[in-house]
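One structure is given here, and the rest of the page talks about it.
The values are calculated or read from the model by the stated rules, or taken from the named source; none is laboratory data. Please read these numbers as outputs of a predicted model, since none were measured by experiment. Don't worry about glycine lacking a Cβ; one is built from the backbone with ideal geometry, like all the others, and counts go over all protein chains shown. All accessible areas refer to the heavy atoms of the entire protein, side chains included, with ligands and DNA or RNA removed. Shrake-Rupley method; radii C 1.70, N 1.55, O 1.52, S 1.80 Å.
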Amino acid sequence: MKKFLLLMSVLFMSCHCMAQNYIDADSVAMAKADSCVNVILKSYQENDVYTKGGLLDKFTYQQVPNLTKCRLAYYKLRKYFVDNIYEVEIWFQKDDESLFKFDCRYFVKDNLLEFFDDYFILGDYKKKYPKVRRWEMIRQGKVCIGMTKDECKLSIGIPQDINTTTLSTGKKEQWVYPYSYVYFRNGVVTAIQD
């Protein structure tokens, strides 16, 4: 019986040590992720931010109007139990003082700044996109023949999928959205299917 109790106490101590090491490693990873998020989001607190097309308020589930000026108000970082997946819950404040919520899940190895760049424009959008000319169409969330890829993304967001065909005369792409398809030839919209 003494051997059994000794064996059980050794097992308990080793399990406790392993769990403590896991918690410590997890805390270090979380602190590293939080530090990364802090650096990125600090620029969103200190500068004007504008929304791009396709942004959904995760609190009201309403579309956030394109080119809405806002600033980061608050964020919270959570870690999933699956290794290296984090969720950032972010609240932005619009000029009219109302808030909207943006959630994202990312792997620690992912470039979070690129992910934010898909949904937000940091600073003066006309300076960031000097070749864009259809700002009123973008503000309305509309796509038209002749738009560039940047104008399309600013207007209706990132496509769910892109199908590409290479021809002798150039490259054709079909951008797949939930309720429409946008067709490009050599980087310019040639057709829209609703």
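Among the numbered conditions (1) under 30 Å from residue 134 (Cβ atoms); (2) open to solvent by 30 Å² or more (accessible area, probe 1.4 Å), the only one that residue 84 does not meet is (1).
Which residue is nearest to residue 132 (Cα to Cα), if the candidates are limited to region 175-190 and must be assigned to a strand (DSSP E or B) and open to solvent by 40 Å² or more (accessible area, probe 1.4 Å)? Applying the filter and picking the extreme gives 188. Scan region 92-142 for residues that are touching a Lys or Arg at 6+ places or on another chain (Cβ under 8 Å) and free of Cβ contacts under 8 Å to residues at least 60 places away in the same chain and the total you get is 9. Residue under question is residue 170, and the condition is that it be under 20 Å from residue 55 (Cβ atoms) and among the small types (Gly, Ala, Ser); does it hold? So residue 170 fails the test.
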